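The values are calculated or read from the model by the stated rules, or taken from the named source; none is laboratory data. Since the model is a prediction, treat every value here as computed from it, not as a measurement. Here the Cβ positions follow ideal geometry from the backbone for every residue, glycine too, while neighbour counts run over all protein chains shown.
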Amino acid sequence: MNSRRHFLLKLAVTAPAALGVGLLAQDTPPPAVKLEETDPVAIALGYKMDTTKVDQTKYPQHKPEQMCSNCALVTPGSAAGEFIPCSAFQNKLVSSNGWCMAWVKKPDAPPAPAPAPAPKP
């Protein structure tokens, strides 16, 4: 068998296996990292781990009731706790009592659907 055919045969046999291993490796998310106030992105967005320590002069849009735990950018379905993943910071863990300029109010929950009418006899 010439070397080109031998190479292509090997490639056809091994490529799917290598692709499968690569896909399996992508299923495991990287470990969560806690966001520090000194992180360059945190500084740019004015992130504070405690919403009560936000400088009102520098951030006049801040309101005391705004915190990471009630922000729409927190990853949906994340477990409530002291630190929660935030999409504004590439899912790094932010303090649930924290705040940043990217804060967006979570939308109100939609009303429950009305019960179906009873069938007529």
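As a summary of the residue check, residue 84 satisfies the conditions (1) part of a strand (DSSP E or B); (2) at pLDDT 95 or above except for the one numbered (2).
Among the residues of region 32-61, the ones that are at negative phi, in contact (Cβ under 8 Å) with a residue 40 or more places away in the chain and part of a loop (DSSP other than H, G, I, E, B) come to 11 in all. Every condition in (1) surrounded by 11 or more Cβ atoms within 10 Å (Cβ to Cβ); (2) more than 25 Å from residue 108 (Cβ to Cβ) holds for residue 57 except the one numbered (1).
How many residues are assigned to a loop (DSSP other than H, G, I, E, B), surrounded by 10 or more Cβ atoms within 10 Å (Cβ to Cβ) and either of a type in the set (Asp, Glu) or at pLDDT 90 or above (or both) when one looks only at region 95-121? Steps first, answer last, please.
Kept after step one, since they are assigned to a loop (DSSP other than H, G, I, E, B), are these residues of region 95-121: 96-98, 100-104, 106-121.
Narrowing further to those that are surrounded by 10 or more Cβ atoms within 10 Å (Cβ to Cβ): 96-98, 100-104, 106.
Going one step further and asking which of them are either of a type in the set (Asp, Glu) or at pLDDT 90 or above (or both), we end up with 96-98, 100-104.
The qualifying residues number 8.
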